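Heads up, the thing below is written out as structure tokens.
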Amino acid sequence: MAKAFCSQENFGDCRRCLEIACSILDKKEIMSPSWVAEAYVEISMIFETMNDFEIAFTLMKRTLAILQDLPQSRHHEGSISARLGWLLLFTKRVPQSVPYLESAVEKLKDCFGPKHYGRFGICL
């Protein structure tokens, strides 16, 4: 529903839907952390679309905290770190972005090897 409101640029209703979704996810985090992490990523991207970067940052950081406890999700952790780093660069927060980008490079290298295409975009 939130995606539909966002595509119609009805941001007030979109935010309300996302707030409801986040409150539901808060209760489900212990039972299904990987599913909740995926949902937080989707929600953060909708907030990015609405140019509400602070909430997007918070949700991405929360996703990283969830993924740190799931060793089988290192590649997702690397992808989220990269996305967070690029978004921080986009908002001109270079010093804050560097640790996330460095972390993404290491995690992706560990998961996919040193020649993975995703690393080249981060290193450029």
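Within the set of pairs 6+ apart or on separate chains, which have a first residue in the range 74-90 that is charged (D, E, K, R), a second that is crowded, with 20+ Cβ neighbours inside 10 Å and assigned to a helix (DSSP H, G or I), and C-beta atoms under 7 Å apart?
Every condition considered, the pairs that remain are Arg74/Lys107; Glu77/Leu67; Glu77/Lys107; Arg83/Met60.
State all residues of the range 1-46 that are in contact with a Leu (Cβ under 7 Å, 6 or more places away or on another chain) and closer than 25 Å to Leu70 by Cα; if no residue qualifies, say none. Steps first, please.
Initial filter on the range 1-46 (in contact with a Leu (Cβ under 7 Å, 6 or more places away or on another chain)): 2, 33-34, 36-37, 39-40, 43-44, 46.
Listed by number, the residues that qualify are Pro33, Ser34, Val36, Ala37, Ala39, Tyr40, Ile43, Ser44, Ile46.
Just to be sure, is Arg62 over 30 Å from Lys109 (Cα atoms) and either in a helix (DSSP H, G or I) or aliphatic (A, V, I, L, M) (or both)?
Details: over 30 Å from Lys109 (Cα atoms): no; either in a helix (DSSP H, G or I) or aliphatic (A, V, I, L, M) (or both): yes.
Answer is no for this residue.
I'd like the residue in the range 80-105 that is among the charged types (D, E, K, R) and assigned to a helix (DSSP H, G or I) and, out of all such residues, is nearest to Leu59 (Cα to Cα).
Of everything passing the filter in the range 80-105, Arg83 is nearest to Leu59 (Cα to Cα).
For the range 1-51: of the residues being outside any helix (DSSP H, G or I) and free of Cβ contacts under 8 Å to residues at least 24 places away in the same chain, which is surrounded by the most Cβ atoms within 10 Å (Cβ to Cβ)? Full working, then the answer.
Filtering the range 1-51 down to residues outside any helix (DSSP H, G or I) leaves 1, 8-10, 29-32, 50-51.
The next check asks that each one be free of Cβ contacts under 8 Å to residues at least 24 places away in the same chain; those that pass are 1, 8-10, 30-32, 51.
Working: Met1: 12, Gln8: 10, Glu9: 9, Asn10: 14, Ile30: 8, Met31: 8, Ser32: 12, Asn51: 9.
The extreme case among them is Asn10.
Could you say whether any residue in the range 75-83 is at pLDDT below 95, loosely packed, with under 13 Cβ neighbours inside 10 Å and within 29 Å of Lys109 (Cβ to Cβ)?
The answer is no, given that none of the residues of the range 75-83 is at pLDDT below 95, loosely packed, with under 13 Cβ neighbours inside 10 Å and within 29 Å of Lys109 (Cβ to Cβ).
The values are calculated or read from the model by the stated rules, or taken from the named source; none is laboratory data. Quick caveat, the model's predicted, so the values are computed rather than measured. For neighbour counting, all protein chains shown are included, and Cβ atoms are generated from backbone atoms with ideal geometry for every residue, glycine included.
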